[in-house]
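Only one structure is covered here, and it is reproduced in the block below.
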Amino acid sequence: MSLNSVLARVDTDEVVALTRDLVRIPSVIRPGDPSATERAVADHVHRWFVREGFDVEIHEVAPGRPNVLAVFGDKGEGRSLLLEGHTDVVTEGDAAQWTYPPFGAELVDGRIYGRGAADMKSGLAAAMVAAAAFKRSNVRLGGRLVVGALADEEGDMIGAKHVCTTEIGRELDAAIICEPEENELCLEQRGVVWARVTVRGRMAHGAMPEAGVNPITGVGALLREVPALEKRLRKLCTRSKHLRPPTVTPTIVKAPIQGLPQSNVIPATAEATIDIRLTPGPDAEAVAAEIETACRNAAAVCNGMTIEWRPVNGYRLATRVEKDEPLVRAMMKGVRQATGKASRFGGVPGSTDGTILRMTLGIPIVTCGPGNRLIPHQVDEYVEVAELVDAARIYVASAFNYLGLDGSRPSNVRGRGR
């Protein structure tokens, strides 16, 4: 069985139709609305794989929020490769600002428009069609191919965290993260730590500030520490050709933390959230030490109050894999086979489910998927059909190279890249 015979099974009309079907199913998570989850789109993915004859596992990671794992082939003595996508999307915002309905999946001039078109129902559809191309070709891979449609990537990544606890997850050797990166091979991605800082003072009347301790001044002192914190983190992190240097950005300020804000009341507490983005280099302890220094410096100039912090959703540190990883080599070759062009390399400016897989399982990850990396979360989100089809073909060729055929071992066999 040749690679070309499998690639021939990637049908442009099918991958376009599947992407549009997925985009038409809203999967914005709306707290308080039990029907506004990933359930409907996950059910569609499940039915599609069952119809194609795949072994499918459904894992309910939260009420109405399932992971769907479709499996083709047996690992045996070979490898296990995950094609990973997520089923949740961010809010569409004001639908009136969209040129086309946000869940209409309109096909216009070679583009599919809609919320999730790029981030990342197109990448998920490409992975699904790629897996089906192997199934329909009756090919016997030398390992296991898994397609994961996971919940909650845009939130706390509970879907990816749950996968790491499953038997299928623990047996993974590598993963392709199908996020919108213009089909570049992204070997690095920035990490993120959301530092939630709590300042405690003493409540008092606004007309008599001397009777209280105003925690808002503590937040101000902390914000003045931000440039120095960013500078220290940049010294700890390595420079990257494809990633912006570390950034430290205040995103939320709140006072009081609980209760009713009033113009004539000094609150007892205040809170600030700092969004910290990292390039590879420091570990969690080193990052925590620098944040602690910033809090300590702020507290030193604010008498009578305490300043403490905690990481929201833990530490998602930056990740990097090297070009000599078997997965990377398989994908470099695969891009050439699928598109006739040389690979382009890039970096992921944000954090993905791949961060969790890399940190928890220790497996190599490469992020590669269709869609302009600047378009997610914006009005008039879209994906180019040409990129979408190329992505499906790249996934086929990469999986073919990485897993090999039954009875033969793929080249560059190494360990799990820990």
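The values are calculated or read from the model by the stated rules, or taken from the named source; none is laboratory data. Nothing here was measured: the structure is a model prediction, and the numbers come from that model. Don't worry about glycine lacking a Cβ; one is built from the backbone with ideal geometry, like all the others, and counts go over all protein chains shown. We work out accessible area using only protein heavy atoms, side chains counted, and drop any ligands, DNA or RNA first. Shrake-Rupley method; radii C 1.70, N 1.55, O 1.52, S 1.80 Å.
General remarks:
- Charge dipole (debye, nearest 20) of segment 125-209; +1 at Cβ of Lys and Arg, -1 at Cβ of Asp and Glu: 360
- For the chain, the Cβ-based charge dipole about the Cα centre amounts to some 1220 debye (Lys, Arg positive; Asp, Glu negative; other atoms uncharged).
- Cα centre as origin, Lys/Arg/Asp/Glu Cβ charges: segment 181-242 dipole, Debye: 360
- Close amide H contacts of residue 36 (hydrogens built in the peptide plane, cut-off under 5 Å, sequence separation of 5 or more or a different chain): 30.
- Here the relative contact order of the chain, from alpha carbon pairs under 8 Å that lie six or more residues apart, stands at 24 percent.
- Counting only DSSP H runs of at least 4 residues, each contributing -39500 (n - 2.57), and dividing by the residue count of the chain, the helix-based mean residue ellipticity at 222 nm comes to -10000 deg cm²/dmol.
- Farthest toward the positive end of the dipole of segment 48-144, out of 107, 123, 50, is the Cα of 50, where the dipole comes from beta carbon charges about the Cα centre.
- Ordering of 236-247, 251-262 by burial proxy (mean other Cβ atoms within 10 Å per residue, highest first): 236-247, 251-262
- Taking every C-alpha pair closer than 8 Å and separated by at least 6 residues, the mean separation divided by the residue count of segment 1-61 gives a relative contact order of 18 percent.
- Cα pair count fraction exceeding 33 Å, expressed as % - the chain: 38
- Mean Kyte hydropathy of -1.0 or more with a Cα span along the axis of at least 15 Å, helices from DSSP in the chain: 12-23, 39-51, 122-136, 215-236, 284-300, 326-339, 385-403
- ³J(HN,Hα), Karplus 6.51/-1.76/1.60, whole Hz, each residue of segment 113-121, x for Gly, Pro: 9, x, 5, x, 4, 9, 10, 8, 6
- When both segment 40-94 and segment 292-368 are represented by their alpha-carbon centers, they are found 23 Å apart.
- For the chain, the fraction of 1.4 Å probe accessible surface lying on carbon and sulfur atoms is 50 percent.
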